[in-house]
Amino acid sequence: MHGFRTLFFKEVLRFWKVSFQTVLAPLVSTLLYLLVFAQVMADHAEIYPGVSYAAFLIPGLVMMSMLQNAFANSSSSLVQSKVTGNIVFVLLAPLSPGEFYGAYVLASMVRGVLVGLVVFLAAWAFVEIPVREPLWAVVFGLLATILSGTLGVLAGIWAEKFDQMAVWQNFVILPLTFLSGAFYTLHSLPSFWAGLSRFNPFFYAIDGFRYGFLGNGDVSPWQSLLIVGGTCFALSWTTLALLRKGWRLRT
Amino acid sequence: MVPAIEIRGADKHYGSLHALKAVDLTVDSGDFFALLGPNGAGKTTLINLLSGLSRPDGGILKVMGHDVVRDYLQARRNLGVVPQELVFDPFFTVRETLKIQSGYFGLRKNDEWIDDLLHNLQLSDKAEANMRALSGGMKRRVLIAQALVHRPPVIVLDEPTAGVDVALRQSLWKFIQRLNREGHTILLTTHYLEEAETLCRRVAILRQGQIVADDTTENLLQSSASGKLEDVFVALMQDEDELAEP
C-alpha cells in the first residue's frame with residue numbers, strides 16, 4: 001500500500017513542480033475561451049430560462065479543462081517515462097497492476113479537479129453561476145476525471161513515442177471534448193450531429209456536470225451517470241487487464 | 001539453503017530471434033557471481049526476465065525462492081537491479097529520487113540508509129541537485145543507489161562501471177564488496193574481464209543465448225595456459241566463430 005501512495009505522491013509532485021504549465025496555462029486558455037465566446041454569444045437567446053450564455057458555458061469549460069488535464073497527466077507522465085526509460089523504476093518495484101493503475105488515475109484526478117476548481121473560481125469572480133445540484137457536479141467531476149485519467153493510462157502504455165501520443169490528443173481527446181456540448185446544447189445541433197454526440201461519453205459527463213450547476217440538462221443526469229459510470233468501468237477493466245498482461249510495458 | 005537465484009530452462013524469443021535457449025543457472029546465496037558474454041549473448045535478457053521487465057516464454061526463474069512470475073511482489077522485494085541504460089527522472093533531485101524509490105518498496109523512513117548510500121557513492125554533496133545537473137558517472141552512481149535503497153539480498157549490476165572513472169570505479173567496488181561481505185548476493189555483468197576475475201568467486205559465460213561455461217573463477221583460470229579469464233573468454237568465443245562457419 002505504501003508503494004501505491006508513493007507512486008501517487010510522485011505523480012502529483014511531478015505535475016506540481018511544473019504547475020505553470022500544468023495548472024496556470026490551462027487556466028489562462030480556458031479563461032480566454034470564456035472571454036471570447038461569452039462576448040460573441042452574449043446577445044444570443046438564453047439556452048435555459050434565466051441563465052446567461054456565460055453561466056451556461058462555464059460548467060462546460062470547467063469540465064472540458066478537467067477532462068483534458070486528467071488525460072494529459074497520466075498520458076504525458078507515462079509516455080515521457082517510456083521515452084526516457086525511467087519507467088523501469090516503477091516496473092522493477094513491487095507494485096501490483098491495481099496499484100499502478102490506481103496511482104496514475106488518482107493523480108490525474110487530483111490535477112483534473114485542481115484545474116477545474118481554479119477555472120471555476122476564476123470564472124466565478126466575473127460571472128454569477130448558480131449551483132443548484134452540487135452533489136451531481138461532484139459525482140460527474142470525479143467520474144469524468146477517472147474516465148479521462150484511465151484513457152490517459154491506456155494511451156500512455158500504448159504510445160511509444162511523442163507523435164503517437166499526439167494522435168490521441170488531436171484525433172481522440174480534442175474532438176471528444178470539443179464535440180461534447182461544452183459550448184452548446186444538443187438541441188441546437190443538426191439531427192445527424194446530435195445523434196452522433198449521443199455516442200460520446202464526454203457529452204454525458206459535461207451534461208451531467210452542467211446539471212449540477214443549472215439544474216437543467218439535455219438528458220437525465222441518471223442516464224448520464226449510467227453511461228459515464230459504465231464507460232469508466234469498461235475502460236478501467238480493460239486497462240487493468242492490459243496491465244496484468246504487461247502489454248507494451250513488459251516485453 | 002535457498003539459492004539466491006535459480007533459473008531452470010529459461011527460454012525467450014523476440015520475434016524470430018531466440019534470445020535465450022533453455023538456460024539453467026544457480027547463484028548461491030552470498031555469492032559474488034559474474035555473468036559474461038559478448039554483446040547480444042543474452043545477459044540483459046536474462047536479467048530482464050529475473051527482474052520482471054520481460055516475461056519468459058518458458059522455464060522457471062526464482063529469486064530467493066520466489067517465482068518471478070507467480071510470486072512477483074516478493075521476488076522484486078528481494079532484488080535490486082542496476083540497469084545498463086543511463087536512465088533518470090528529470091523532475092526530481094537525487095534525494096527525492098532515492099526517497100521515492102524507497103517508498104515503492106514500502107520504506108517510509110529510510111533517510112539514514114540513503115545518507116549512507118550517498119556517502120559511499122560519493123554523492124553527498126549532490127543530494128539536493130536535480131538529476132539533470134549530474135554528470136554521466138554521477139547518474140550511474142545514483143542508479144546504483146536506487147538499486148540498493150531497499151537493501152535487497154540479491155543485487156544485479158548490469159554493466160555498473162560503464163562510464164565511471166578509475167578512482168570512482170575502485171571505490172564503488174569496495175562498497176559492493178562490503179555489501180557482499182555483509183551477506184548480499186551479487187550478480188554482475190561486465191565487459192571488464194579483469195573486474196570479474198578479481199571480484200567474482202564464480203563465473204558463467206553466455207554465448208548466443210546458451211550457457212557455455214559455469215564454474216568457479218579459480219577452475220576457469222586453471223583451464224587456461226595463461227591463467228587469464230580473458231583468454232578463457234576468447235577461446236570460448238573462437239569456438240563460436242568455428243561453429244558459425246559453414
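Scanning segment B:68-80 for residues that are over 11 Å from B:His150 (Cβ atoms) and either of a type outside the set (S, T, N, Q) or assigned to a strand (DSSP E or B) (or both), which turns out nearest to the other protein chains (Cβ to nearest Cβ)? Among them, the one singled out is B:Leu73. For the residues B:Arg132, B:Arg140, the requirement of being among the charged types (D, E, K, R) and open to solvent by less than 60 Å² (accessible area, probe 1.4 Å) singles out B:Arg140.
Of all the numbered requirements in (1) open to solvent by 40 Å² or more (accessible area, probe 1.4 Å); (2) at positive phi; (3) away from chain A (no Cβ under 14 Å), B:Gly30 misses one, and that requirement is (1). For segment B:81-90, residues that are at the interface with chain A (Cβ under 8 Å from one of its Cβ atoms) and touching a residue at least 12 places away in the same chain (Cβ under 8 Å) total 6.
Among the residues here, B:Arg95 does not qualify as facing chain A (nearest Cβ under 8 Å) and farther than 17 Å from A:Ile87 by Cα.
Among the residues of segment A:16-75, what is the count of those that are of a type in the set (Val, Ile, Thr), away from chain B (no Cβ under 14 Å) and within 21 Å of the chain's Cα centre (by Cα)?
Here the count works out to 5.
Taken together, the residues in segment A:181-203 that are assigned to a loop (DSSP other than H, G, I, E, B), open to solvent by less than 40 Å² (accessible area, probe 1.4 Å) and under 20 Å from A:Leu225 (Cα atoms) amount to 4.
Residue-by-condition table, conditions (1) open to solvent by 30 Å² or more (accessible area, probe 1.4 Å); (2) farther than 12 Å from B:Ala34 by Cβ:
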{"residue": "B:Ile155", "(1), (2)": "no, yes"}
{"residue": "B:Leu179", "(1), (2)": "no, yes"}
{"residue": "B:Glu182", "(1), (2)": "yes, yes"}
{"residue": "B:Ile205", "(1), (2)": "no, no"}
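The values are calculated or read from the model by the stated rules, or taken from the named source; none is laboratory data. These numbers come from a predicted model, not from an experiment. A quick note on method: Cβ atoms are made from the backbone with ideal geometry, for glycine too, and the neighbour counts reach across all protein chains shown. Heads up: the accessible areas ignore ligands, DNA and RNA and are worked out on the full protein's heavy atoms, side chains in. Shrake-Rupley method; radii C 1.70, N 1.55, O 1.52, S 1.80 Å.
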